[in-house]
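The structure appears below as structure tokens.
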Amino acid sequence: MPFKRGVLSKNGPRPTRHETFGMSPQSLRTLRALKTPARIQKFVDALEYQYADTAWSPERVLRERKGHCLEGALLAAAALRVNGYPPLVMDLEAVRDDDHVVAVYRERGFWGGIAKSNFAGLRFRAPIYRTLRELAVSYFEHYYNLRGERTLRAYSRPVNLARLDSQHWMTSEEDVWCVPELLIAARHYPLLPDKVARELPRLDRRSFQAGMHGWVKH
């Protein structure tokens with residue numbers, strides 16, 4: 001693993017594998033079996049995509065075996081946490097489009113991401129990015145709406161979901177709206193100047209179709 005468990009870092013205390021976080025034994029076994037970010041992404045990809053105005057906890061997503069962008073990121077953050085990483089998520093902010101939430105992790109000083117999306121290019125990122133901005137930029141060309149407009153504009157600082165443990169974000173049976181509220185309140189950084197954004201060309205048809213191959217708009 002990339003971290004010594006139980007050691008403090010700027011992202012807060014790193015969990016140990018002895019902690020249960022209030023999750024059921026079955027859920028813990030499932031998450032602990034996902035020992036690498038790539039395995040976590042594969043599991044998240046296999047979840048049925050649900051089109052609903054919900055904010056399910058990882059415990060509920062595991063029981064229902066479905067979820068959308070936010071819920072996939074929360075499940076990924078929980079899986080990262082029980083395997084020794086801090087539970088970090090980042091918000092990608094768009095115009096004329098949905099925002100996107102990515103669970104982020106760090107290995108050997110480089111950032112990677114795990115996400116659920118119906119767009120092929122908005123999911124996994126291997127840990128090769130030196131900064132979170134580099135990671136966010138890697139999603140730019142793949143982030144577009146049904147009009148072919150490139151819509152990604154900003155990214156947030158990483159939010160450590162351990163801050164919400166008192167609200168049981170990992171296990172609650174109620175929707176955990178505290179998570180999107182925290183993400184909205186987090187500081188965001190622009191990816192490009194407004195003048196550049198106004199002059200962006202639309203995505204070409206081949207790239208548009210490739211990004212949506214086998215997927216349905218979320």
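The values are calculated or read from the model by the stated rules, or taken from the named source; none is laboratory data. All values derive from a computational prediction rather than experimental measurement. Glycine gets a Cβ as well: all are built from the backbone with ideal geometry, and neighbour counts include every protein chain shown. Just the protein is used for accessible areas: all its heavy atoms, side chains included, with ligands, DNA and RNA removed. Shrake-Rupley method; radii C 1.70, N 1.55, O 1.52, S 1.80 Å.
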Per residue value of the accessible surface for the chain (all protein chains in place, 1.4 Å probe), Å²: 50 Å²
Can I get the semi-axes of segment 122-168's equivalent ellipsoid? Compute them from the C-alpha gyration tensor as square roots of 5 times the eigenvalues, in angstrom, largest first. 26, 16, 10
Correct response: the longest run of the chain lacking exposed GluC sites (Glu not before Pro), defined by DSSP loop and at most 12 other Cβ within 10 Å, is 1-172
Could you list the trypsin sites (Lys or Arg not before Pro) in segment 131-218 that lie in coil according to DSSP, counting only those with at most 13 other Cβ atoms within 10 Å of their Cβ? ARG147, ARG187, ARG202, LYS217
Under a 1.4 angstrom probe, counting protein chains only, how are THR36, THR54 ranked by accessible area, largest first? THR36, THR54
Give me the percent of the accessible area of the chain that comes from carbon and sulfur atoms, probe 1.4 Å, all protein chains in place. 52 percent
Considering only DSSP beta bridges where both residues belong to segment 25-212, give the percentage that are antiparallel (nearest 5). 90 percent
Gaussian network model of the chain, Cα within-10 Å springs - most flexible of LEU88, LEU146, LEU182: LEU146
If DNA, RNA and ligands are ignored and the probe is 1.4 Å, what is the ranking of MET212, MET90 by accessible area, most exposed first? MET212, MET90
Need the list of aspartates and glutamates near LYS42 for cross-linking: C-alpha distance under 19 angstrom, and skip anything on the same chain fewer than eight residues off. GLU59, GLU64, GLU71, GLU107
What FRET efficiency comes out for the pair ALA126/TYR189, r = Cβ-Cβ distance, R0 = 22 Å, nearest 0.05? 0.50
